[in-house]
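Chemist: First the structure, which I've put down as C-alpha cells, then a few questions once you've had a look.
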Amino acid sequence: MERGVSFCGWKAVTDRSKSLSENQEPKSGRIYTMFHGTHLTNAKTIIDKGFEPSKKGMLGPGVYVSRNIDKAKCYPLNTDKKDKVVFKLRVRVGKVKKIDSDNNPLQQSWHSNGYDCAWVPPNSNISTIKSGREEDCVWDPKRISVVDVACCVDDTKRKELRRMIRRKTKTEGCDLCHLDASDGHDIQPCWECQEDICPFQGKHVCKKAEGLERGTV
C-alpha cells in the first residue's frame, strides 16, 4: 500500500522571471513588473481606488501598461513632464494573447475569447504604434497593483504618493505574506502545528515537526 505524501513546511525559491526584456513573450499565469504613466491629478485616485479601464483603444477596453518605462513616460500625451507620474506595477497577466500585426481577428475581442491580457511585442507590424515599443492591455484592473512611483519630477508629490502606496499596501496586504490580498488569499492551518499559513509566504517552519524530528514532542 502506498503511503500518502504530506508536508508541513517549506522555503520558497525566488522566481526571477518577473523582469523580462521587451521582446520576451510573457508566460500565462505569471506576475511581471510593468509601468503606467498618468496625470498627477489622477494619481491619488488610482492608488486609492485602482485603475479605471479605458473604454476603447488599439486593443479595445482595458488598462494599458508597458514593460518599457520610456513608453510609460510619454503618457499622458501632450502633457508637461512636471504634471506626469509613472507608476511601477505588479501585474498578474493571467492568460496572454499575442497581437503583433494589424487586422488580427482578436485585436479587440481577445477577452471575449478567454484571454486576460493582450501583448504587443516591440517593432510589431501595427501601424498605430509609431514608436515600435512594447505594450500590454489588461482587462481586469484587479490584476494590477501599484507598488511604487517610478518617475515624478515633483519630489514633494513623489514622497506623498509613496506614503499613500505604503499605507494602502499595509491596509490591504496579507498579514502573513505581506503581499496584496485584495482578491483574497487562501489562509489555512498547518497540518501539524495548526498555525495559520498562506501559500504566498516565503517559508513556514513548523515548530511541531521540528520537535518530532528532535524527539522533543
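The values are calculated or read from the model by the stated rules, or taken from the named source; none is laboratory data. Given the structure is predicted, the values throughout are model-derived calculations rather than measurements. Note: ideal-geometry Cβ built from the backbone for every residue, glycine included; neighbour counts use all protein chains shown. The protein model used for the area step is the full one, side chains on, heavy atoms only, and it has no ligands, DNA or RNA in it. Shrake-Rupley method; radii C 1.70, N 1.55, O 1.52, S 1.80 Å.
Chemist: Considering (1) charged (D, E, K, R); (2) within 30 Å of Pro61 (Cα to Cα); (3) modelled with pLDDT of 70 or more, say which one Glu195 fails and leave the rest.
Modeler: Only one criterion in (1) charged (D, E, K, R); (2) within 30 Å of Pro61 (Cα to Cα); (3) modelled with pLDDT of 70 or more is unmet by Glu195, namely (2).
The rows are residues; the columns are (1) charged (D, E, K, R); (2) open to solvent by less than 10 Å² (accessible area, probe 1.4 Å); (3) without any contact (Cβ under 8 Å) to a residue 12 or more places away in the chain; (4) in a strand (DSSP E or B).
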{"residue": "Ser28", "(1), (2), (3), (4)": "no, no, no, no"}
{"residue": "Met34", "(1), (2), (3), (4)": "no, yes, no, yes"}
{"residue": "Lys44", "(1), (2), (3), (4)": "yes, no, no, no"}
{"residue": "Asp48", "(1), (2), (3), (4)": "yes, no, no, no"}
{"residue": "Glu52", "(1), (2), (3), (4)": "yes, no, no, no"}
{"residue": "Lys56", "(1), (2), (3), (4)": "yes, no, yes, no"}
{"residue": "Gly60", "(1), (2), (3), (4)": "no, yes, no, no"}
{"residue": "Val63", "(1), (2), (3), (4)": "no, yes, no, yes"}
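Chemist: Within the stretch 58-71, can one find any residue that is within 23 Å of Ser28 (Cβ to Cβ), aliphatic (A, V, I, L, M), in contact with a Ser or Thr (Cβ under 9 Å, 6 or more places away or on another chain) and at pLDDT below 95? Give the steps one after another, and end with the answer.
Modeler: Of all residues in the stretch 58-71, those within 23 Å of Ser28 (Cβ to Cβ) come to 58-68, 71.
Next, from what is left, pick out any that are aliphatic (A, V, I, L, M): 58-59, 63, 65.
Retained after the next criterion (residues that are in contact with a Ser or Thr (Cβ under 9 Å, 6 or more places away or on another chain)): 58, 63.
Filter once more, keeping what is at pLDDT below 95: 58.
Yes, there is a match, as at least one residue in the stretch 58-71 is within 23 Å of Ser28 (Cβ to Cβ), aliphatic (A, V, I, L, M), in contact with a Ser or Thr (Cβ under 9 Å, 6 or more places away or on another chain) and at pLDDT below 95.
Chemist: Tally time: how many residues in the stretch 66-85 are closer than 15 Å to Glu134 by Cβ, among the aliphatic types (A, V, I, L, M) and buried (at least 23 other Cβ atoms within 10 Å of the Cβ)? Break it down stepwise before answering.
Modeler: Filtering the stretch 66-85 for residues closer than 15 Å to Glu134 by Cβ gives 66-75.
Subset that is among the aliphatic types (A, V, I, L, M): 69, 72.
Filter again for buried (at least 23 other Cβ atoms within 10 Å of the Cβ), leaving 72.
Qualifying residue count, the stretch 66-85: 1.
Chemist: While we're looking at this one, here's another question. Within the stretch 78-109, track down each residue that is out of contact with any strand residue (DSSP E or B) (no Cβ under 9 Å at 6 or more places or on another chain) and within 30 Å of Arg166 (Cβ to Cβ).
Modeler: Those that are out of contact with any strand residue (DSSP E or B) (no Cβ under 9 Å at 6 or more places or on another chain) and within 30 Å of Arg166 (Cβ to Cβ): Asp80, Lys82.
Chemist: Which residue is modelled with the highest pLDDT, if the candidates are limited to the stretch 165-192 and must be of a type in the set (A, V, I, L, M, F, W, C) and open to solvent by less than 40 Å² (accessible area, probe 1.4 Å)?
Modeler: The first filter runs over the stretch 165-192 and keeps only residues of a type in the set (A, V, I, L, M, F, W, C), leaving 165, 174, 176-177, 179, 181, 187, 190-191.
With open to solvent by less than 40 Å² (accessible area, probe 1.4 Å) added as a condition, the list becomes 165, 174, 177, 181, 190.
Details: Ile165: 93, Cys174: 71, Cys177: 71, Ala181: 61, Cys190: 81.
Of everything passing the filter in the stretch 165-192, Ile165 is modelled with the highest pLDDT.
Chemist: Which residue pairs have Cβ atoms closer than 7 Å, lie 6 or more positions apart in sequence or on different chains, and pair a first residue in the stretch 110-126 that is under 20 Å from Met34 (Cα atoms) and of a type in the set (S, T, N, Q) with a second residue that is open to solvent by 40 Å² or more (accessible area, probe 1.4 Å) and in a loop (DSSP other than H, G, I, E, B)?
Modeler: Cβ pairs passing all conditions: Ser124/Asp100.
Chemist: Right, something else. With respect to Asp140, determine if the residue is modelled with pLDDT of 95 or more and surrounded by fewer than 21 Cβ atoms within 10 Å (Cβ to Cβ).
Modeler: So Asp140 passes the test.
Chemist: Confirm whether Trp119 is of a type outside the set (Lys, Arg), touching a Cys at 6+ places or on another chain (Cβ under 9 Å), open to solvent by less than 40 Å² (accessible area, probe 1.4 Å) and over 30 Å from Lys44 (Cβ atoms).
Modeler: When the stated conditions are applied, Trp119 does not pass them.
Chemist: Would you pick out the residues in the stretch 8-26 that are surrounded by 12 or more Cβ atoms within 10 Å (Cβ to Cβ) and either part of a helix (DSSP H, G or I) or modelled with pLDDT of 90 or more (or both)?
Modeler: Ser17, Lys18
Chemist: Another question, if that's okay. Using the structure shown, decide if Lys95 is modelled with pLDDT of 95 or more and farther than 12 Å from Phe35 by Cβ.
Modeler: Working: modelled with pLDDT of 95 or more: yes; farther than 12 Å from Phe35 by Cβ: yes.
Considered against the rule, which asks whether it is modelled with pLDDT of 95 or more and farther than 12 Å from Phe35 by Cβ, Lys95 comes out as yes.
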